[in-house]
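Participant: Sharing a structure, written as structure tokens. Questions coming.
The values are calculated or read from the model by the stated rules, or taken from the named source; none is laboratory data. The structure displayed is predicted, hence computed values, not measured ones. Using ideal geometry, Cβ is built from the backbone for each residue, glycine included, and neighbour counts are taken over all protein chains shown. Ligands, DNA and RNA are excluded from the accessible area calculation, which covers all protein heavy atoms including side chains. Shrake-Rupley method; radii C 1.70, N 1.55, O 1.52, S 1.80 Å.
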Amino acid sequence: MNTRILAALAVAILAGGNAYADEGRRFAADDATWRAECGSCHIPYPPRLLGAASWRGMMAGLDRHFGVDASVDKAAAARIGAFLERNGSTRRGADSAALRITDTRWFIHEHDEVSAATWKKPAVKSPANCAACHGGAERGDFDEHAVRIPK
Amino acid sequence: MSSPRFLLAAIGLAAATAAATVGAATPADFIKGFEQSARQADPSFAGFSAARGQQFFRTRHSDWACASCHTDDPSAQGKHVVTGRSIAPLAPAANPERFTDAAKVEKWFRRNCNDVVKRACTPQEKGDVLTWLAGVGK
């Protein structure tokens, strides 16, 4: 009886601050315009992966976005920029203005067990291709227990 | 003044106006628009050609062609050449959402022509390409 109460309590505490839906985890921070515009050529990278300064730099150079023109109209840019800055990372080091998520210390640390060969697999191609191993990346789910590295 | 027919006509007119102002359109509407612009730019404009459009679409103008992402067959699923992201078919017959939103058409021509052709596409080029796309899979 005690174990059951304890278990119920644990579930309640863990589920309490959870922003995730029942069918699977969803973006903690979400915006329709951001998802539509910033998810058209790659998965929409969650805002928490970079700090506000990085996002400002990103939005200021959208016409030279990692080698391509990713510019959007003024209204969309304002809305997306505000959303990204509001939900950007606040952890230490996030005040750098680095634009490449995969160059951040956080990302490198999270993936330090991934071999160079894995990144080169044709099904993966690059560390920017989150969805290759994170099946739920499309909806912001990067749960490491659900990682599947393709052959 | 309260006859149902009048009411129906009024609703119809309102809907049509709404659709027009929201920028909803068809591929034919865009082709017409490109034709007007092409004529303005060049009085000797001689019409659009699907063959020319297909050629333009498949030509590597830089490191890339339109086909690099959209593939040689615009009724097929495309794939982003850098990120691998899946791209819905471009041909209206395969994807009825294509070429129905003026803002979207303008945005994608602007960005993708900058990337692929390293400049804006001319109305002639856009009209040729859309003339070809509109006929694919029909």
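Participant: Tally time: how many residues in the range A:54-67 are open to solvent by 30 Å² or more (accessible area, probe 1.4 Å), of a type in the set (Gly, Ala, Ser) and assigned to a helix (DSSP H, G or I)?
Facilitator: Within the range A:54-67, the subset open to solvent by 30 Å² or more (accessible area, probe 1.4 Å) is A:56-57, A:59-60, A:63-67.
Right, trim to of a type in the set (Gly, Ala, Ser) and you get A:57, A:60, A:67.
Checking the rest, the ones that are also assigned to a helix (DSSP H, G or I) come to A:57, A:60.
Qualifying residue count, the range A:54-67: 2.
Participant: Go through (1) without any contact (Cβ under 8 Å) to a residue 12 or more places away in the chain; (2) open to solvent by less than 40 Å² (accessible area, probe 1.4 Å); (3) at positive phi for B:Ala67 and report which single condition fails.
Facilitator: Failed condition: (3).
Participant: Right, another one. Based on this model, can you work out whether A:Ala70 counts as part of a helix (DSSP H, G or I), more than 21 Å from A:Ala28 (Cβ to Cβ), open to solvent by less than 40 Å² (accessible area, probe 1.4 Å) and within 14 Å of chain B (Cβ to nearest Cβ)?
Facilitator: Here the answer is no, as A:Ala70 does not meet what is asked.
Participant: Out of the range B:109-122, which residues are of a type outside the set (S, T, N, Q) and under 18 Å from B:Thr59 (Cβ atoms)?
Facilitator: Selection gives B:Phe109, B:Cys113, B:Asp115, B:Val116, B:Val117, B:Lys118, B:Arg119, B:Ala120, B:Cys121.
Residues checked against (1) hydrophobic (A, V, I, L, M, F, W, C); (2) in contact with a helix residue (DSSP H, G or I) (Cβ under 9 Å, 6 or more places away or on another chain); (3) farther than 30 Å from B:Leu90 by Cα:
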| residue | (1), (2), (3) |
| --- | --- |
| A:Trp34 | yes, yes, no |
| A:Lys74 | no, no, no |
| A:Gly88 | no, yes, yes |
| A:Asp103 | no, no, yes |
| A:Phe107 | yes, yes, yes |
| A:Ala116 | yes, no, yes |
| A:His134 | no, yes, no |
| A:Asp141 | no, no, no |
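Participant: Another one. Could you grab me the full set of residues in the range A:73-97 that are open to solvent by 40 Å² or more (accessible area, probe 1.4 Å) and not in a helix (DSSP H, G or I)?
Facilitator: Listed by number, the residues that qualify are A:Asp73, A:Asn87, A:Thr90, A:Arg91, A:Arg92, A:Gly93, A:Asp95, A:Ser96, A:Ala97.
Participant: Identify the residue in the range A:115-139 that is part of a loop (DSSP other than H, G, I, E, B) and of a type in the set (S, T, N, Q) and, among all such residues, is farthest from A:Tyr45 (Cα to Cα).
Facilitator: Among those that are part of a loop (DSSP other than H, G, I, E, B) and of a type in the set (S, T, N, Q), it is A:Ser115.
Participant: Would you say A:Ile80 is touching a helix residue (DSSP H, G or I) at 6+ places or on another chain (Cβ under 8 Å), at the interface with chain B (Cβ under 9 Å from one of its Cβ atoms) and either in contact (Cβ under 8 Å) with a residue 12 or more places away in the chain or at negative phi (or both)?
Facilitator: On the way: touching a helix residue (DSSP H, G or I) at 6+ places or on another chain (Cβ under 8 Å): yes; at the interface with chain B (Cβ under 9 Å from one of its Cβ atoms): no; either in contact (Cβ under 8 Å) with a residue 12 or more places away in the chain or at negative phi (or both): yes.
So A:Ile80 fails the test.
Participant: Here's a follow-up. Right, B:Cys121: surrounded by 15 or more Cβ atoms within 10 Å (Cβ to Cβ) and in contact with a Pro (Cβ under 9 Å, 6 or more places away or on another chain) or not?
Facilitator: Working: surrounded by 15 or more Cβ atoms within 10 Å (Cβ to Cβ): yes; in contact with a Pro (Cβ under 9 Å, 6 or more places away or on another chain): no.
No: the conditions fail for B:Cys121.
Participant: Cβ-Cβ below 9 Å, separation at least six or inter-chain, first residue in the range A:106-118 and free of Cβ contacts under 8 Å to residues at least 40 places away in the same chain and within 17 Å of A:Ala132 (Cα to Cα), second of a type in the set (D, E, K, R) and part of a helix (DSSP H, G or I): which pairs?
Facilitator: Taking only residues 6 or more apart or on different chains, the pairs are A:Glu110/A:Glu144.
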